[in-house]
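Report on the following structure.
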Amino acid sequence: MPQELLNNLNKPFLQWEYDKENDWLYLNWIGFVSHENIIKGANLILEVVRKEHYAYILNDNRQLLGPWDRSNDHLECNWVPQVKEAGLQYFAHVLAPNVAGALSAQDLHRRTTDAFTMQIFGDVKKAEQWLKNMQMQSYAL
């Protein structure tokens, strides 16, 4: 059952749940998300990864509207190093259907190269397959 974070209008902007079958944390971002709510969501994700030691995240932006690149400086300087330290290794990002969201994701991708492996996808099935491939490679070691 997904858990939710709500915005100031009591609407969900982030749903998350551990996908036990696939052994990854699934994140679903919804609607227009303010800078403050992106930080709130990132902090929650960090705490979940710290507590449960999740190495794999499927970050779904298909329902996200608008840009969020204003938050990338904070994410790069604060969230990225901490979530790496907490154990995140692979981050599959499914793009928003709008250009602004896609450009925000590409900007964050450039900022994570030294922390964890992030790949961007236009299709959720391809993102899932990539994560499964990364798991098989990790488990084989």
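Given the condition free of Cβ contacts under 8 Å to residues at least 24 places away in the same chain and closer than 24 Å to residue 12 by Cα, answer yes or no: does some residue in the stretch 103-124 qualify?
Initially, the stretch 103-124 is screened for residues free of Cβ contacts under 8 Å to residues at least 24 places away in the same chain, giving 106, 109-110, 113-114.
Next, only the ones that are closer than 24 Å to residue 12 by Cα stay: none.
No - not one qualifying residue is present in the stretch 103-124.
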Self-check item: Criterion violated by residue 40 - all others in (1) in contact with a Gly (Cβ under 9 Å, 6 or more places away or on another chain); (2) part of a helix (DSSP H, G or I); (3) more than 17 Å from residue 115 (Cα to Cα) satisfied
Solution: (1)
Quiz item: Given the structure, is residue 38 in contact with a Phe, Trp or Tyr (Cβ under 8 Å, 6 or more places away or on another chain), surrounded by 14 or more Cβ atoms within 10 Å (Cβ to Cβ) and under 23 Å from residue 126 (Cα atoms)?
Solution: no
Quiz prompt | Pairs with Cβ under 9 Å, 6+ apart, first in the stretch 19-32 and closer than 20 Å to residue 8 by Cβ, second part of a loop (DSSP other than H, G, I, E, B) and among the charged types (D, E, K, R) | solution = 30/11; 31/11
Quiz prompt | Residue, surrounded by the most Cβ atoms within 10 Å (Cβ to Cβ), within the stretch 105-141, restricted to residues that are of a type in the set (Phe, Trp, Tyr) and modelled with pLDDT of 90 or more | solution = 121
Quiz item: Quick one: how many residues across the stretch 90-104 are part of a loop (DSSP other than H, G, I, E, B) and either out of contact with any strand residue (DSSP E or B) (no Cβ under 7 Å at 6 or more places or on another chain) or modelled with pLDDT of 95 or more (or both)?
Solution: 1
Exercise. Select from the stretch 47-88 the residues that are in a loop (DSSP other than H, G, I, E, B) and surrounded by fewer than 16 Cβ atoms within 10 Å (Cβ to Cβ) and list them in ascending order.
Key: 53, 66, 87
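The values are calculated or read from the model by the stated rules, or taken from the named source; none is laboratory data. In this text the structure is predicted, and so the values were computed from the model without any measurement. Note that we place each Cβ from the backbone using ideal geometry, even for glycine, and neighbour counts take in every protein chain shown.
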